[in-house]
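The values are calculated or read from the model by the stated rules, or taken from the named source; none is laboratory data. Computed from a prediction, not measured in an experiment: that's the story for all the values here. Note that we place each Cβ from the backbone using ideal geometry, even for glycine, and neighbour counts take in every protein chain shown.
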Amino acid sequence: MMATTAIQARFQPIVGLQTGRVVGFEALARPAPDRRGQGTTPPDGWLTDGGLAAEMLEQAAAAIPRWRQLPGHGDLFVHVNVTSDDLEQPDLPDRITELRARHRLPRGVIQIEITEQLPIANMAETVKRLLALKGAGVGLVLDDFGSGYSSLAWLHDLPADGLKIDGDLTAKLGSERGNVILAATVQLGHALGLCVTAEGVEDVGKTAQLRAIGVDQVQGFGFGRPMRAEDVAPFLERGGAETGEPPASQPPSAGDRP
Ligand code: G
Ligand code: MN
């Protein structure tokens, strides 16, 4: 389908706190190094015309079936970030339907994350598009929750299946007020039937506390850095030991959007 794009998905593990096992991954866009080790620039307009999301969906959908065949990992899912620009691409639901058929992916294996960092201009239209995507078989996760615009109105209006607590908010765990806000956020999410993920967990020492307030899933450097697709199966086979991008050499992010 799409020409070589110079963008490569990296996959960061998401760990379930009930079991301590990897339950899924978030696909994160990174510039693919060329032969000189430099990133290359995608065509003009590519980012805002849905090209990045399409490419990330393609790479994620192509990668995950093999991982789901590993013993004990039959339920793995993959999150892909989608912006409001991407949502305006009218072919997105059909593209998802086609991808799911081509890679034989059950409903919910692909979950799209939409960020609340940007205001949504037309909520009614956005909800319509999101429902069409859900109809095509993706789950919907509200990303960066608690960090941006009108979280509660978003929670009310959007047909979400999950929410991801922003890393800046997760980092407030441990302070008296932080604990209250985090616990209340988790309760609110659960009352709405949402799966709650805490992002940006750098310290595995916080795991017990996060579990105690009811957080369902965690993601962060403490549990695994974004890794190349080919490193994921060995990572899972090792039982999810730390690997991926080393802290110092993490390349500039191309598509951690917005
Ligand atoms: O907003 P979004 O969830 O798409 O952002 C994911 C970004 O956060 C990625 O660039 C990823 O590398 C980064 N990230 C993932 N885990 C951690 C973490 O534990 N700490 C910090 N500071 N950044 C993280
Ligand atoms: Mn995200």
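Give the range 104-128 a look and list any residue that's within 16 Å of ligand 2 (Cβ to nearest atom), in contact with a strand residue (DSSP E or B) (Cβ under 6 Å, 6 or more places away or on another chain) and not in a strand (DSSP E or B), or say none.
Result: GLU116, GLN117.
Select from the range 136-173 the residues that are outside any loop (DSSP other than H, G, I, E, B) and of a type in the set (Ser, Thr, Tyr) and write down the one among them that is farthest from ligand 2 (Cβ to nearest atom).
The qualifying residue farthest from ligand 2 (Cβ to nearest atom) is SER151.
Quick one: is LEU131 within 15 Å of ligand 2 (Cβ to nearest atom), surrounded by fewer than 19 Cβ atoms within 10 Å (Cβ to Cβ) and over 27 Å from ALA233 (Cα atoms)?
Taking the combined requirement at face value, the residue does not satisfy it.
Hey, can you tell me all the residues within the range 128-160 that are within 14 Å of ligand 1 (Cβ to nearest atom) and under 13 Å from the mean Cα position of the chain (by Cα)?
If the condition is that a residue be within 14 Å of ligand 1 (Cβ to nearest atom) and under 13 Å from the mean Cα position of the chain (by Cα), then VAL141, LEU142, ASP143, ASP144, PHE145 are the ones that fit.
Just name the residue that is modelled with the highest pLDDT out of those in the range 29-52 that are out of contact with any helix residue (DSSP H, G or I) (no Cβ under 7 Å at 6 or more places or on another chain) and assigned to a strand (DSSP E or B).
ARG30
Quickly run through the range 1-28 and pick out the residues that are surrounded by 16 or more Cβ atoms within 10 Å (Cβ to Cβ), modelled with pLDDT under 95 and touching a helix residue (DSSP H, G or I) at 6+ places or on another chain (Cβ under 8 Å).
Across the range 1-28, the qualifying residues are THR5, ILE7, GLN8.
Quick test of your reading of the structure: GLY255 fulfils all but one of (1) at pLDDT below 95; (2) surrounded by fewer than 20 Cβ atoms within 10 Å (Cβ to Cβ); (3) of a type outside the set (D, E, K, R); (4) within 13 Å of ligand 1 (Cβ to nearest atom). Name the failing condition by number.
It fails just one condition, (2).
On the given criteria, is VAL232 more than 15 Å from ligand 2 (Cβ to nearest atom) and within 30 Å of LEU130 (Cα to Cα)?
Spelling it out, VAL232 is indeed more than 15 Å from ligand 2 (Cβ to nearest atom) and within 30 Å of LEU130 (Cα to Cα).
Kindly indicate the residue of the range 219-235 that is under 16 Å from the mean Cα position of the chain (by Cα) and more than 19 Å from GLY72 (Cα to Cα) and also surrounded by the fewest Cβ atoms within 10 Å (Cβ to Cβ) among those meeting that condition.
Of everything passing the filter in the range 219-235, ARG228 is surrounded by the fewest Cβ atoms within 10 Å (Cβ to Cβ).
Out of PRO119, PRO93, report the one residue that is surrounded by fewer than 18 Cβ atoms within 10 Å (Cβ to Cβ) and either charged (D, E, K, R) or more than 14 Å from VAL141 (Cα to Cα) (or both).
Just one listed residue meets the conditions, PRO119.
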